[in-house]
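Peer 1: First the structure, which I've put down as structure tokens, then a few questions once you've had a look.
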Amino acid sequence: MRTFLLDTNIWEYWFNKESHPEKYSNIEHQIRELESLEKSSNEFAWRLGISFVTLGEIDYGYNVMTKKERSREHEFRAFINSKKPWIPQIDKHVAKEYGKLRAGLFETYAPKNKKRKGLRPEQLIDPVTSLKLGIQENDLWIAAQAVSRNLTLITNDKMDRISKVAGKSLHIDNWAINRK
């Protein structure tokens, strides 16, 4: 079974076709392709996933909006629920991948004066901010979920640094771009 973990921006484009008509169309095209492949082969199956991190980003977004902007929150949540996404847990396997990815980012992108050998682990807790590493912390957690479960992460974010550190263990695709 192929499982796709949809990032926050993909859910938004897919839901909000009025604001993102081309991206919406591209995502719909990808879904139709998957449905077509499934119909032509009894062996092919797929499912969509949504991260707890993405759900948290959605909650954050709606909590900082004005009342007028929040008017579509229920509709957006109903849209997501209608797709019946699988919600992978954040567990010790995800935490382990997060630690590996963050360490790789630290080794590759941290300022030289922050890299000090011989320190105890508790001295290395958040030695460098995500801003200095050039990443979004939430993207790192979502990528760790994808790596730990061998999921394809569907995002419109570049994630160049995370991809470089993760190597072939992170599978990323972008359904928001035109492939027709």
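Peer 1: Considering K23, K17, which residue is closer than 29 Å to R179 by Cβ and part of a loop (DSSP other than H, G, I, E, B)?
Peer 2: On the way: K23 fails: part of a loop (DSSP other than H, G, I, E, B).
None of the other options fit; the residue is K17.
Peer 1: Out of everything in region 74-94 that is in contact with a helix residue (DSSP H, G or I) (Cβ under 8 Å, 6 or more places away or on another chain) and among the hydrophobic types (A, V, I, L, M, F, W, C), what residue ends up being surrounded by the fewest Cβ atoms within 10 Å (Cβ to Cβ)?
Peer 2: Result: I87.
Peer 1: Next question. If only one of S36, S25, S40 is among the small types (G, A, S) and surrounded by 14 or more Cβ atoms within 10 Å (Cβ to Cβ), which one is it? Steps first, answer last, please.
Peer 2: Numbers: S36 fails: surrounded by 14 or more Cβ atoms within 10 Å (Cβ to Cβ); S40 fails: surrounded by 14 or more Cβ atoms within 10 Å (Cβ to Cβ).
After applying the criteria, what remains is S25.
Peer 1: Still on this model: Looking only at region 48-66, count how many residues are of a type in the set (G, A, S) and either without any contact (Cβ under 8 Å) to a residue 60 or more places away in the chain or surrounded by fewer than 18 Cβ atoms within 10 Å (Cβ to Cβ) (or both).
Peer 2: Summing the residues that are of a type in the set (G, A, S) and either without any contact (Cβ under 8 Å) to a residue 60 or more places away in the chain or surrounded by fewer than 18 Cβ atoms within 10 Å (Cβ to Cβ) (or both) in region 48-66 gives 2.
Computed from the coordinates by the stated procedures, all read-outs in this text should not be read as laboratory data. Here the structure is a predicted model, which means the values were calculated and not measured. Methodologically, a virtual Cβ is constructed for each residue, glycine included, from the backbone with ideal geometry; neighbour enumeration extends over all protein chains shown.
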